[in-house]
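I have placed the structure first, in the form of C-alpha cells, so that the comments after it can refer back to it.
The values are calculated or read from the model by the stated rules, or taken from the named source; none is laboratory data. Keep in mind that this is a model prediction, so the values were computed, not measured. Here the Cβ positions follow ideal geometry from the backbone for every residue, glycine too, while neighbour counts run over all protein chains shown. Surface areas here come from the heavy atoms of the whole protein model, side chains and all, with no ligands, DNA or RNA. Shrake-Rupley method; radii C 1.70, N 1.55, O 1.52, S 1.80 Å.
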Amino acid sequence: MKLLLSAFALVLTIATVAIAEEEVKSEDGVLVLTKDNFDSVIADNEYVLVEFYAPWCGHCKALAPEYAKAAKVLADKESKIKLAKVDATVEPELAEKFGIRGYPTLKFFRSGSQIDYTGGREQDTIVSWLEKKTGPAAKELETVEAAEEFLKDNNVAVVGFFKDRESKEAKAFLATAVAIDDYPFGITSSEDVYAKYEAKCGSVVLFKHFDEGKAVFEGEATEEALKKFVTAQALPLIVDFSHETAQKIFGGEIKSHLLFFISKEAGHLKEYVEPAKEIAKKFREQILFVTIDADQEDHARILEFFGMKKDEVPALRIIRLEEDMAKYKPPTNDLSAEKIGAFVSDFLDGKVKQHLLSQDLPEDWDKEPVKVLVATKFDEVAFDKTKDVLVEFYAPWCGHCKQLVPIYDKLGEKYKDNDSVVIAKIDATANELEHTKISSFPTIFLYRKGDNEKVEFKGERTLEGFVKFLEGEKDEQPEEEEDKEDKPAKDEL
C-alpha cells in the first residue's frame with residue numbers, strides 16, 4: 001500500500017511539474033511571465049532577463065524583434081540565460097512590485113537577485129551585456145579556431161593581445177572590458193592567434209563586420225583612452241538614428257554629434273552622406289556623425305527641437321550634450337564634404353557660436369497688456385532697469401500654462417497703465433536664451449528694476465499671489481508643489 005501511495009505521489013508530482021511548465025508560455029523564444037508563474041521561473045533559472053513592456057509603447061515594439069533574436073542566439077548557444085517579458089498593463093501587481101515607471105524597463109535576475117539592465121537594445125548588445133554579467137569580462141581565446149568563432153559570432157568584438165596579464169596595459173584592457181557591456185571582449189596569449197591576425201603583443205584590435213573591418217588602437221593604453229577608442233570605433237562611421245541605436249549614440253563617450261537631417265526617399269544618403277564618410281573618419285574620436293531621416297513621422301519632434309521644418313532638409317546641426325544640448329548651425333547650406341569638414345574643424349576650434357532659436361518678433365508684440373517676447377527682443381525688454389519685468393516662460397503644450405492664461409491676462413490688465421511694471425511671456429520651446437535655461441513649465445521670473453536681479457516666482461498662481469509678489473512680498477511666498485506636467489516630456493531624440 002505504501003509503495004502504491006509513493007508511486008501515486010510521484011506521478012502526481014510529475015504531472016504538477018508538467019502543468020506548471022505548460023503554464024509558462026513562450027513567444028518567439030521569450031518566456032511570457034504572469035503573477036502566477038513569475039516567482040517559479042525566477043527560482044528555477046539561474047539567469048533571467050525580464051522586459052516589462054506595454055503593448056502600445058513604440059520603444060517596446062522596436063525592441064521586440066531584437067529581443068527575440070537575442071533569445072534565439074542564447075538558445076542556439078545552449079546558454080543558461082533565459083529571456084522573458086511581462087505585459088505590465090495586464091500584470092499591474094508585478095509592475096508595482098518592481099517599481100516600473102516607464103517602458104520598456106528591463107531587469108536582470110541572477111540567482112533571484114535583481115539588477116537594472118543597462119545595455120543596448122539590439123541583439124548583439126543584449127547578448128554581450130548578459131554574457132558579461134554571467135562570465136568573465138574578457139573571453140580567453142586559446143586557439144585560432146576559438147578566435148575565429150568568437151569574431152564570426154559577434155558583429156563587433158574587441159581583442160587584447162597580452163601575454164603578461166599583470167602589465168598596466170593588460171589591466172587597463174580588462175578594466176575597459178568590465179566597464180563596457182555593449183561589446184564582447186576577448187584576450188589571448190597564443191602565438192598562433194597573433195600570427196593569424198598579424199597582431200603585436202600588447203596591442204588592442206577592434207574587429208567589426210562593417211566599414212574598414214577592424215581598427216587598431218594607437219597610443220597609451222589607459223582605461224579612459226581604450227573606452228573612447230572602443231565606443232568610437234564600434235559604431236559605423238555615420239550612424240543612422242533609430243530606437244535601437246539611440247542608446248549607443250547618447251550613452252557613448254563622444255558627447256558632440258553632427259546631425260545630418262536627410263530624406264532617404266529623396267536620395268540624400270547617396271548624394272550627401274556617402275561623400276562625407278572621409279570627413280567622419282578624420283574626426284571619428286572627436287565628433288559622432290548621425291543621420292536622421294526626416295521622412296519618418298517619429299522624427300518630427302527632433303526637427304521641432306532644432307526649430308526646423310521638413311522643407312529645410314537636407315541640413316546640418318551640431319549638438320553638444322555636455323552643454324545643455326547646445327546647438328550649432330553651419331554658416332552655409334552647402335553640404336559638400338569640404339564645407340562639412342570646415343564646419344566641424346571650426347566647431348572643434350571654438351570658432352562657431354551657439355545657435356539660439358528665436359521666433360520672428362510679431363508686429364503687435366506690445367499691443368496687449370501681456371507683452372509677447374522672442375529671444376532677439378528679450379534682453380532689451382527684460383533688462384530695462386527702469387522697470388520691474390515679470391516674464392512667464394511657457395510651452396504651448398503645457399496644461400498648467402494653459403490654465404494660467406486667464407489669470408496672467410488679468411494680471412497684465414491690472415498693470416497695463418503702470419509705467420514701471422511690464423507683464424510678459426515667451427514661448428521657451430521656440431526661443432532660447434544663452435543666460436537662462438528652462439527645465440519646467442511654466443517658469444516665471446521677475447527681473448527687478450535697478451539692478452536687474454532675477455527672482456523666481458514660486459508662489460500661488462493666483463492674481464492675488466502675483467500682485468503680492470510684485471509688490472515686494474516675495475519672502476512670504478508659499479512654494480507650490482511641483483507637478484509632473486510642469487516638466488518637459490522626456491523622450492529620446
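Yes/no per residue for (1) open to solvent by 20 Å² or more (accessible area, probe 1.4 Å); (2) more than 22 Å from the chain's Cα centre (by Cα); (3) of a type in the set (Lys, Arg); (4) not assigned by the TED database to the domain that holds Met308:
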{"site": "Lys248", "(1), (2), (3), (4)": "yes, no, yes, no"}
{"site": "Leu258", "(1), (2), (3), (4)": "no, no, no, no"}
{"site": "Ile262", "(1), (2), (3), (4)": "no, no, no, no"}
{"site": "Gly267", "(1), (2), (3), (4)": "yes, yes, no, no"}
{"site": "Tyr272", "(1), (2), (3), (4)": "yes, yes, no, no"}
{"site": "Gln286", "(1), (2), (3), (4)": "yes, no, no, no"}
{"site": "Phe289", "(1), (2), (3), (4)": "no, no, no, no"}
Residue tally, condition of a type outside the set (A, V, I, L, M, F, W, C) and assigned to a loop (DSSP other than H, G, I, E, B), over region 446-465: 11
Would it be correct to say that Phe217 is in contact with a helix residue (DSSP H, G or I) (Cβ under 6 Å, 6 or more places away or on another chain) and free of Cβ contacts under 8 Å to residues at least 60 places away in the same chain? yes
Do you know which residues across region 141-167 are among the hydrophobic types (A, V, I, L, M, F, W, C) and open to solvent by less than 10 Å² (accessible area, probe 1.4 Å)? Leu141, Ala147, Val156, Ala157, Val158, Val159, Phe161, Phe162
Checking the condition in contact with a Leu (Cβ under 7 Å, 6 or more places away or on another chain) and assigned to a loop (DSSP other than H, G, I, E, B), which residue from Arg101, Arg121 passes? Arg121
Could you check region 125-140 and list, in sequence order, the residues that are touching a helix residue (DSSP H, G or I) at 6+ places or on another chain (Cβ under 9 Å), open to solvent by 40 Å² or more (accessible area, probe 1.4 Å) and part of a helix (DSSP H, G or I)? Glu131
Within region 300-325, take every residue that is closer than 19 Å to Gly251 by Cβ, outside any loop (DSSP other than H, G, I, E, B) and modelled with pLDDT under 90 and give me the one that is least open to solvent (accessible area, probe 1.4 Å). Ile302
